[in-house]
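A.B. asks: Before we start, here is the structure in question, set down as C-alpha cells.
What follows draws every value from the coordinates through simple rules; no lab data is involved. In this text, all values refer to a predicted model and were calculated from it rather than measured experimentally. Virtual Cβ from ideal backbone geometry, glycine too; neighbours counted across all protein chains shown.
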Amino acid sequence: MGTKDREQAWKCGMGKGREVWAGTAGMRGDGMVGNIFVTFFYGAVQFALSAALGVAGIYFGAKAFDKLTVGIEEFKELEKGNVAVGILMAAVMACIAISLRAGVFEFAHGIQPGYSLPLLLMLGFVNLVKIAFGLIIAVLTIFVSMNLLDWLTKNVNEAEELKKGNVAIAILIAGVLLSVALVVEAGMRETVASPDIESCAIAKQVGSALGIDASACVPYVQAIAAK
C-alpha cells in the first residue's frame with residue numbers, strides 16, 4: 001500500500017471514528033435530556049400533589065376544629081376582624097401542618113419514576129389513609145389541649161376572652177398548641193417510619209395478596225439514609 005493509500009485509509013478510519021463518537025454522544029445526550037425531563041415531571045407532580053394535600057388538610061382540619069369548639073364560632077369572629085381569633089386560627093393551622101408534614105413527605109416519596117402504575121396507586125391510597133389518620137390526630141390533639149388548658153385555668157374563660165379580642169390569651173393558647181404539636185409530631189414521625197406500618201411494607205403485603213409486584217418500593221427512611 002502506498003503512502004497516499006495509507007493516508008486515505010487513515011482519514012476514512014478517523015471519519016468513521018468521529019461518526020461513531022458523535023452517534024454515541026448523541027445517544028448519551030438524548031438519554032440525559034430524557035432523564036432530566038422525567039425527573040422534572042415527577043418533581044412537579046410531587047410538588048403539586050403535596051401542595052394540594054397540605055391546603056386541603058389544613059382547610060378541613062380548621063373547619064373540624066371550628067365545629068368541635070364550644071362557646072365561640074371562629075370563622076364568624078374572623079369575619080368581624082377579631083385579631084385574637086386570627087392568632088388562634090393561625091396557630092391551629094400551623095399545628096395541623098406540623099402534624100401532616102411526615103405523612104405528606106411519605107406520600108410525595110411514593111411517586112417515583114421506577115414504580116409501576118399499580119404500585120403508584122396502591123402507595124397513594126395507603127399514604128392518603130395515613131394522612132387522614134394524621135389529620136384526625138392533629139385536630140383531636142388541638143381540641144384536647146385547649147380543653148385541658150381551659151380546665152387548668154378555671155378562673156379564665158378563654159372563649160369569652162377570645163371573643164373580646166384578648167390578644168394575650170390568644171398568644172398563650174397559640175404557644176401551648178404549637179408546643180404540643182411539635183412534641184406530638186416527633187412521636188408521629190417515628191410511628192410513620194415504623195417498619196410494621198411503613199408504606200412500602202404495607203404495599204408489599206397487600207401487593208402479594210393482589211398479585212402486584214412491589215419489590216421496587218424503597219422506604220423513604222432508607223432512601224434518605226442512602227443520600
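A.B. asks: For region 57-74, does any single residue satisfy the condition of being of a type in the set (A, V, I, L, M, F, W, C), exposed (fewer than 13 other Cβ atoms within 10 Å of the Cβ) and over 21 Å from the mean Cα position of the chain (by Cα)? It would help to see each step written out before you state the result.
C.D. replies: At the first step, the residues of region 57-74 found to be of a type in the set (A, V, I, L, M, F, W, C) are 58, 60, 62, 64-65, 68, 70, 72.
So of that shortlist, the ones also exposed (fewer than 13 other Cβ atoms within 10 Å of the Cβ) come out as 70.
The next check asks that each one be over 21 Å from the mean Cα position of the chain (by Cα); those that pass are 70.
Yes - at least one qualifying residue is present in region 57-74.
A.B. asks: Is region 82-89 home to any residue that is more than 17 Å from Leu178 (Cβ to Cβ) and not in a helix (DSSP H, G or I)?
C.D. replies: Within region 82-89, the first condition is being more than 17 Å from Leu178 (Cβ to Cβ), and the residues that meet it are 82-83.
From the residues that got through so far, the ones that are not in a helix (DSSP H, G or I) too are 82.
Yes: one or more hits.
A.B. asks: Quick check: anything in region 131-151 touching a residue at least 24 places away in the same chain (Cβ under 8 Å) and outside any helix (DSSP H, G or I)?
C.D. replies: no
A.B. asks: Taking region 192-205 as the region of interest, how many residues are part of a helix (DSSP H, G or I), surrounded by 15 or more Cβ atoms within 10 Å (Cβ to Cβ) and not charged (D, E, K, R)? Spell out how you get there, then give the answer.
C.D. replies: Going through region 192-205, the residues part of a helix (DSSP H, G or I) turn out to be 192, 199-205.
If we keep only those that are surrounded by 15 or more Cβ atoms within 10 Å (Cβ to Cβ) as well, we get 192, 199-204.
From the residues that got through so far, the ones that are not charged (D, E, K, R) too are 192, 199-203.
Matching residues across region 192-205 total 6.
A.B. asks: Limited to region 97-122, what total is found for residues that are part of a helix (DSSP H, G or I), more than 17 Å from Phe47 (Cβ to Cβ) and out of contact with any Lys or Arg (no Cβ under 6 Å at 6 or more places or on another chain)? Steps first, please.
C.D. replies: Taking region 97-122 first, the residues part of a helix (DSSP H, G or I) are 97-109, 117-122.
Next, only the ones that are more than 17 Å from Phe47 (Cβ to Cβ) stay: 98-99, 102, 117-119, 121-122.
Of the ones still in play, those that are also out of contact with any Lys or Arg (no Cβ under 6 Å at 6 or more places or on another chain) are 98-99, 117-119, 121-122.
Of the residues in region 97-122, 7 are part of a helix (DSSP H, G or I), more than 17 Å from Phe47 (Cβ to Cβ) and out of contact with any Lys or Arg (no Cβ under 6 Å at 6 or more places or on another chain).
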